[in-house]
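Structure first, then comments.
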Amino acid sequence: MKLVLATQNKDKVREIKNFLSGLKIQILTLDNFKLNSTLKETGQTLEANALQKAEQVYRLTKLPVLADDSGLEVEFLKGKPGVRSSRFAGEKATYLDNNLKLLKLLKNVPFRKRKARFRCVMALKLNQEQIKLLEGEISGYIATERKGKSGFGYDPVFYIPRLKKTFAQLSLKQKNQISHRAKALEKVKKYLRKLIKS
């Protein structure tokens, strides 16, 4: 079985490949296809964006596709940045730009009010008719400063109290045991395993 990852984010590709490595499937990325355009993400929800990306890549490849959209939802900011997480500080924003904007908005906000959650919605499109949405989430807090060197995105500011560490202070192996993407991928893996056996 072949599966195309509908993302142009190299960090996400690395995490997903690492997680699904035990399955008997050939994982392809957009680099395997001559794709000139960037994937459109114009939905108002994570679900809409994941579905949109899955549909776009399926149309181009006619192969089973796995697309995801993830977002950080901060309680104090009424759920922002949410669906705009990757573009929070602007269309061409870097990970650092987004982190700094978030920290600035939460300056002087006490730790107990810095609750946040990471959500990941995966759309698995197997053929023209069959599409499945699977979701994972993890709760934590926004740290008062960036800590850690690994991971990507908001990982340096997403703090997990029980581990006393940010996502960026964890190894990929540790992160892939607890993250929102890991939880969604666990469901994807289970579903694909059944398909491969059947």
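In this calculation the C-beta distance from residue 40 to residue 195 is compared with R0 = 35 Å, giving a FRET efficiency of 0.80. In the chain, a dipole from Cβ-located charges (positive for Lys and Arg, negative for Asp and Glu) runs towards its positive end, and of 99, 176, 195 it is 176 whose Cα lies farthest in that direction.
Can you tell me how much longer the chain between residue 14 and residue 103 gets when fully stretched, taken as 0.36 nm per residue apart minus their C-alpha distance, in nm with one decimal?
Details: separation 89, 0.36 × 89 = 32.04 nm, distance 2.69 nm.
Taking 0.36 nm per residue and subtracting the Cα distance, the gain is 29.4 nm.
Taking 0.36 nm per residue of separation and subtracting the current Cα-Cα distance, fully stretching the chain between residue 76 and residue 187 would add 37.0 nm.
Rounded if a/c is under 1.5, else prolate if a/b beats b/c, else oblate: with a ≥ b ≥ c from the C-alpha gyration tensor eigenvalues square-rooted, which is the stretch 157-198? Note, shape of the stretch 157-198 comes out prolate. Normalised by the number of residues in the stretch 2-197, the mean separation of alpha-carbon contacts (under 8 Å, six or more apart) gives a relative contact order of 19 percent.
Size of the chain: Rg and Dmax of its alpha carbons, in Å, are 16.9, 55.
Note on the stretch 3-35 and the stretch 99-164: Cα centroid distance 21 Å, given to the nearest whole angstrom.
Every read-out reported here was derived from the displayed coordinates using simple, explicitly stated rules and does not represent laboratory data. Fair warning: this is a prediction, and the values are worked out from it, not measured in the lab. All Cβ positions, glycine included, derive from the backbone under ideal geometry; neighbour counts span all protein chains shown.
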